[in-house]
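Read through the structure below, which is laid out as structure tokens, and then see the notes.
The values are calculated or read from the model by the stated rules, or taken from the named source; none is laboratory data. Given the structure is predicted, the values throughout are model-derived calculations rather than measurements. Every residue, glycine among them, receives a Cβ derived from its backbone with ideal geometry; neighbour counts consider all protein chains shown.
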Amino acid sequence: MTTHECKTDWKLDRTYRSSSGEVRWTALGAPDAPPVVLLHGTPFSSYVWRGVARALANQHRVFVWDMPGYGASEKRADQDVSLAAQGRVFGELLDAWGLTGPGAEPAVVAHDFGGCVALRAHLLHGARYRRLALVNALALSPWGSPTYRLLGAHHEVFAQLPPEVHRGLVREYVRSGSASGLHPQVLERIVDGWCGPEDQPAFYRQIAQNDRRFTDEIEGRYGEIRLPVTVCWGADDAWIPVERGRELASRIPGARLRLIEGAGHLVQEDAPAELAAVLSGFLGEG
């Protein structure tokens, strides 16, 4: 696995009908291996986990999924793709996968707003995990850049941009998530996911529905978490500064902070081998 791994052969071959629409997912590794679930953030999909997922699958059963409104999963005009909805859907999936009940709990690895999704499912909906790794996680207010808020406030206008203008906007936005620079094939694969007729409005819809209240509802409860937690952070994250990682780790009892030098917000792309090594060590403890 190289820093600029450019494989684009990533396919989710299974379907689950959730309360927020059809979810595409797949699983890697031996069926009887310890389960791990990977959660992506925005504006991404499970594709950004491909290298780390394949590495972890040597020792684990790795579940990956595209959240409703993202990647290969369903996108539609009346869809609830809020962080609240994603937390509920995650709980549904855990049940469908048989990852609930004593002894069946998975380890969970969550990136960006996937961190909020995993935390909401745990704290509000009773989802149980064996371990939790939060990677450059959106978990503390305030969040959302001025540009992000502008896009959300005027999502219906931006959804009508000429396709080439929209594509350029998405490309520059995604590009800024990497500290070392994305391989061109990887960048275009991520951008492509937001540039079809259904994808363009979905891009702005998910921004419009994301709101700080979804983290405000759970921030005061991080001290209740009673499972092993590690907080991994790309040290050069320009989207969510590393100081937020330090604060998040300080709010969760026993949590440890692991910094990955030279990596930005998209640490899976900037330093996949380093991240896989950190996660493998954490998942293998205990």
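Yes or no: Gln79 touching a residue at least 12 places away in the same chain (Cβ under 8 Å), surrounded by 18 or more Cβ atoms within 10 Å (Cβ to Cβ) and of a type in the set (S, T, N, Q)?
For Gln79, the condition - touching a residue at least 12 places away in the same chain (Cβ under 8 Å), surrounded by 18 or more Cβ atoms within 10 Å (Cβ to Cβ) and of a type in the set (S, T, N, Q) - is met.
In segment 216-241, how many are of a type in the set (Val, Ile, Thr) and either in a loop (DSSP other than H, G, I, E, B) or modelled with pLDDT under 95 (or both)?
The total comes to 2.
Can you find a residue in segment 162-169 that is modelled with pLDDT of 95 or more, surrounded by fewer than 24 Cβ atoms within 10 Å (Cβ to Cβ) and not in a helix (DSSP H, G or I)?
The answer is yes; a qualifying residue exists.
For segment 190-215, name all the residues that are touching a residue at least 60 places away in the same chain (Cβ under 8 Å) and more than 17 Å from Pro163 (Cβ to Cβ).
Gln206, Ile207, Gln209, Asn210, Asp211, Arg212, Phe214, Thr215
Please work out which one of (1) closer than 29 Å to Phe282 by Cβ; (2) in a helix (DSSP H, G or I); (3) without any contact (Cβ under 8 Å) to a residue 40 or more places away in the chain is the condition Cys116 fails and give its number.
Of (1) closer than 29 Å to Phe282 by Cβ; (2) in a helix (DSSP H, G or I); (3) without any contact (Cβ under 8 Å) to a residue 40 or more places away in the chain, only one is false for Cys116: (3).
Taking the criterion of being at pLDDT 95 or above, of a type in the set (D, E, K, R), over 30 Å from Leu257 (Cα atoms) and out of contact with any Ser or Thr (no Cβ under 9 Å at 6 or more places or on another chain), would at least one residue in segment 130-147 satisfy it?
No.
Does segment 256-286 hold any residues that are assigned to a loop (DSSP other than H, G, I, E, B) and surrounded by fewer than 20 Cβ atoms within 10 Å (Cβ to Cβ), and which are they?
First, the residues of segment 256-286 that are assigned to a loop (DSSP other than H, G, I, E, B): 261-266, 271, 284-286.
If the condition is that a residue be assigned to a loop (DSSP other than H, G, I, E, B) and surrounded by fewer than 20 Cβ atoms within 10 Å (Cβ to Cβ), then Glu261, Gly262, Gly284, Glu285, Gly286 are the ones that fit.
Any chance you could count how many residues in segment 29-48 are under 18 Å from Asp9 (Cβ atoms) and in contact with a helix residue (DSSP H, G or I) (Cβ under 6 Å, 6 or more places away or on another chain)? Steps first, answer last, please.
Going through segment 29-48, the residues under 18 Å from Asp9 (Cβ atoms) turn out to be 29, 38, 40, 44-48.
Pick out the ones that are also in contact with a helix residue (DSSP H, G or I) (Cβ under 6 Å, 6 or more places away or on another chain) and you get 38, 40, 48.
Residues meeting the conditions: 3.
Here is a list of conditions, (1) assigned to a helix (DSSP H, G or I); (2) over 19 Å from the mean Cα position of the chain (by Cα); (3) surrounded by fewer than 16 Cβ atoms within 10 Å (Cβ to Cβ), and Pro201 meets all of them except one; can you say which number that is?
Single failed check for Pro201: (3).
Each row is one residue, and each column tells you yes or no for (1) of a type in the set (Ser, Thr, Tyr); (2) buried (at least 24 other Cβ atoms within 10 Å of the Cβ); (3) closer than 18 Å to Gly87 by Cβ; (4) at pLDDT below 95.
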{"residue": "Gly21", "(1), (2), (3), (4)": "no, no, yes, no"}
{"residue": "Arg24", "(1), (2), (3), (4)": "no, no, no, no"}
{"residue": "Val37", "(1), (2), (3), (4)": "no, yes, yes, no"}
{"residue": "Gly41", "(1), (2), (3), (4)": "no, yes, yes, no"}
{"residue": "Arg54", "(1), (2), (3), (4)": "no, no, no, no"}
{"residue": "Ala57", "(1), (2), (3), (4)": "no, no, no, no"}
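Would you check which residues across segment 60-70 are within 12 Å of Gly21 (Cβ to Cβ) and in contact (Cβ under 8 Å) with a residue 60 or more places away in the chain and list them?
Gly69, Tyr70
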